[in-house]
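The block underneath contains the structure these notes are about, expressed in structure tokens.
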Amino acid sequence: MASPPFSHYIKSMQHQAGQSELIVLGNQGADLDSVASALVLAWHLAGQQSQKHPVALIARHRCDLNLRPEVKFVLARAGINPDHLLFTDDVELGKKMAQGTELVLVDHNSLEVSLPPGQQRVTAIIDHHHDQGAFPAASPRIIDQVGSTATLVTELVLREKGEMAASAALLLLSALLMDTVNLSAQARRSTARDQAMAEKLLALCGVERESFFNSLQQAQHDLKGLSTQQLLGRDYKEWPDPVGRYGTSTVLLSLEQWRQQETDLTTSLARFARQKGLAILMAMLVSYEPDFQRELIIFCRDKELLIHLVVFLEQQGLRLSIHPGNTAIVNRDGYLGFYRQGNAAISRKKLQPLVQRFLASLHGKQQE
Ligand SMILES: [Mn+2]
């Protein structure tokens, strides 16, 4: 069955939500990849399974869209009104799942929302993160280590449908370019499959890659006026663990820039960790001027944990060096270390499984 036109479909989502029996869910970071992949895949599924009224759900509150200026920018360029999109304020996911709704996960592959085991009906997964092995019966279950989920969604839609609207292509292209730092070899995040799909998407939406990427980056860095709490919460993910909950935030500033706009960064970081109840908080700083650079601020509830974690990360090749002038700081809430990350190829997607392995090694020791 033919899909409805993409723009009509997007406008209909608010009306479809009530009767929807299939929700395409992005990850809680709600970055461009999660938003674009969920919207385009939901539209694609609407052409195949219209009786289920598939919709896309953005796993954040509507107000958090303000923390994502690049998502707002791309939606506007694609002619999409955010009022037509569905956020966690609009859909009672727990209630829907209790009624038998199916979930399709994009840009993550294990559930980030807590649902009773009987209601975890994940029927399909499309993702590019480390495969956590959940939901082996999902179909399709496409978990490939490419630069962006948008690449996998493009492959699927073009294979099954052979076409897509320019606005849908623009969404996917934006995600693909952001995730791969404009397909740069230096960032080492793109594969031949990303390159191939980027070319197809560029042809479909007719933008010029370099200038479009520049405007995307400009929009993304429009973080003026955001507090430290908002900067940390903007691209934040957390995971439970027996040792304690741990969280990561990607912050698009250098440490130097951050210190210029926040006089008491240490206290603000520790407060954020306390409010979230975290044993570990890792703030991953990314900056592009003069060159692509990563820095890492690690907060740990106790000193031992910080020391062991840093030793472990060193063994994994992060090449951390203590930031000059920013030696470890003791705060009443915990301990903070400030580092330059010599190995800039280790992104959050790679760091998160490492932290998980570190924590698992601690459980192992506790059981001995
Ligand atoms: Mn992604």
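Each reported figure results from applying straightforward, stated rules to the coordinates on display, with no laboratory input. Computed from a predicted model, the values in this text were never measured in an experiment. Cβ atoms come from the backbone with ideal geometry, glycine included; neighbour counts cover every protein chain shown.
Out of His130, His84, one residue alone is surrounded by 15 or more Cβ atoms within 10 Å (Cβ to Cβ) and over 21 Å from the mean Cα position of the chain (by Cα). It is His84.
If you go through region 62-81 and keep only what is of a type in the set (Lys, Arg) and under 19 Å from the mean Cα position of the chain (by Cα), you end up with Arg62, Arg68, Lys72.
Here Val113 passes the criteria (1) in contact (Cβ under 8 Å) with a residue 24 or more places away in the chain; (2) among the aliphatic types (A, V, I, L, M); (3) within 22 Å of Ser148 (Cβ to Cβ) except the one numbered (3). Among the residues of region 294-324, just one is assigned to a loop (DSSP other than H, G, I, E, B), more than 30 Å from Val181 (Cα to Cα) and not basic (Lys, Arg), namely Asp302. Restricting attention to region 346-359 and to residues that are away from the ligand (no atom under 16 Å from the Cβ) and among the hydrophobic types (A, V, I, L, M, F, W, C), the residue that is nearest to Ser249 (Cα to Cα) turns out to be Val355. Name every residue in region 5-23 that is part of a loop (DSSP other than H, G, I, E, B) and either without any contact (Cβ under 8 Å) to a residue 24 or more places away in the chain or surrounded by 15 or more Cβ atoms within 10 Å (Cβ to Cβ) (or both), in order of residue number. Result: Ser20, Glu21.
Tell me, yes or no, whether region 175-183 has at least one residue that is within 16 Å of the ligand (Cβ to nearest atom), among the hydroxyl-bearing types (Ser, Thr, Tyr) and out of contact with any helix residue (DSSP H, G or I) (no Cβ under 6 Å at 6 or more places or on another chain). Can you show your working first?
At the first step, the residues of region 175-183 found to be within 16 Å of the ligand (Cβ to nearest atom) are 175-183.
Of the ones still in play, those that are also among the hydroxyl-bearing types (Ser, Thr, Tyr) are 180.
Still in the running and out of contact with any helix residue (DSSP H, G or I) (no Cβ under 6 Å at 6 or more places or on another chain): none.
No, region 175-183 contains no residue that is within 16 Å of the ligand (Cβ to nearest atom), among the hydroxyl-bearing types (Ser, Thr, Tyr) and out of contact with any helix residue (DSSP H, G or I) (no Cβ under 6 Å at 6 or more places or on another chain).
For region 184-217, the set of residues classified as crowded, with 20+ Cβ neighbours inside 10 Å and over 19 Å from Gly79 (Cα atoms) consists of Arg189, Ser190, Asp194, Met197, Ala198, listed by residue number. Number of residues in region 196-219 that are assigned to a loop (DSSP other than H, G, I, E, B) and over 23 Å from Ser34 (Cβ atoms): the value is 2.
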